[in-house]
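All remarks here apply to the structure that follows.
The values are calculated or read from the model by the stated rules, or taken from the named source; none is laboratory data. Computed from a predicted model, the values in this text were never measured in an experiment. Every residue, glycine as well, gets a Cβ built from its backbone with ideal geometry; the counts of neighbours run over all protein chains shown. With ligands, DNA and RNA removed, areas are computed over all heavy atoms of the protein, side chains included. Shrake-Rupley method; radii C 1.70, N 1.55, O 1.52, S 1.80 Å.
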Amino acid sequence: MLSIIQAAGWPIWPLILCSILALALILERCVQLQSAKVMPAHILAQTIEASQRGVPVPEMIQALDKAGAMGPVLASGLRCLHDNPKASGEDIQASMQMAGRLATQGLERYLPALATIASAAPLLGLLGTVVGMIDIFGAHTAANNQPALLAHGISVALYNTAFGLVVAIPSLMFWRYFRAVVDRHVLAMEVAAETFARHLSRLRA
């Protein structure tokens, strides 16, 4: 591996940094986008059951606020009703929608960075290819035709092109996968929030 890096020349170092960053982002999103972390099991049913007889105490609302990404959305509805028992259904929905947007932003965290790496890696590989071609043409002159320099330029061009694709392809695939996961979670959260908002409207009445 070290010999490949040496043969690829300096243009490969930005690609190596991109690969390390992409791997870190992929692992972090794999952990944070687990269903148990986004919507803990039975959180909606438990919250509805706990609020059947009225708005829970602030301590319980604060505990719910820490329950994954869905918890703050449900807690915002309870907090709105706790602060203003006469709050309208529109007020409750507006509060939950704002919390939902913040939760969605948290789910999409680092995805733009991963998409940027997927887009930039082929360009960095192309840069390495151009550098390699410059080395080739610099070595191949009428007065100076050195096979070693020619081979070095070819290796720089090919290694950087290949490594750029190696970094870009998995990054793009994981970015698309994470987008689908986020969309699925957001849809589930919207359905749960709508159900809970109707429950709070009945509770207010």
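Checking each residue in the range 40-49 for being closer than 16 Å to Ala197 by Cβ and surrounded by 12 or more Cβ atoms within 10 Å (Cβ to Cβ) picks out Ile43, Leu44, Thr47, Ile48.
Name the one entry in Leu102, Leu27 that is closer than 30 Å to Leu126 by Cα and open to solvent by 80 Å² or more (accessible area, probe 1.4 Å). Matching residue, one of Leu102, Leu27: Leu27. When Ile4 is tested against the conditions (1) in a helix (DSSP H, G or I); (2) at pLDDT below 85; (3) β-branched (Val, Ile, Thr); (4) crowded, with 16+ Cβ neighbours inside 10 Å, the lone failure is (4).
Exactly one residue out of Gly68, Gly89 is on the phi > 0 side of the Ramachandran plot and open to solvent by less than 40 Å² (accessible area, probe 1.4 Å): that is Gly68. Exactly one residue out of Ala113, Ala157 is in a helix (DSSP H, G or I), in contact with a helix residue (DSSP H, G or I) (Cβ under 8 Å, 6 or more places away or on another chain), farther than 20 Å from Ala36 by Cβ and at pLDDT below 90: that is Ala157.
For the range 49-62, the criterion of being touching a helix residue (DSSP H, G or I) at 6+ places or on another chain (Cβ under 8 Å), within 18 Å of Phe178 (Cβ to Cβ) and among the aliphatic types (A, V, I, L, M) is met by no residue. Pairs meeting the criteria (first residue in the range 169-180 and farther than 14 Å from Leu23 by Cα, second residue open to solvent by less than 70 Å² (accessible area, probe 1.4 Å) and in a helix (DSSP H, G or I), beta carbons under 7 Å, at least 6 apart or on different chains) are Arg179/Leu111.
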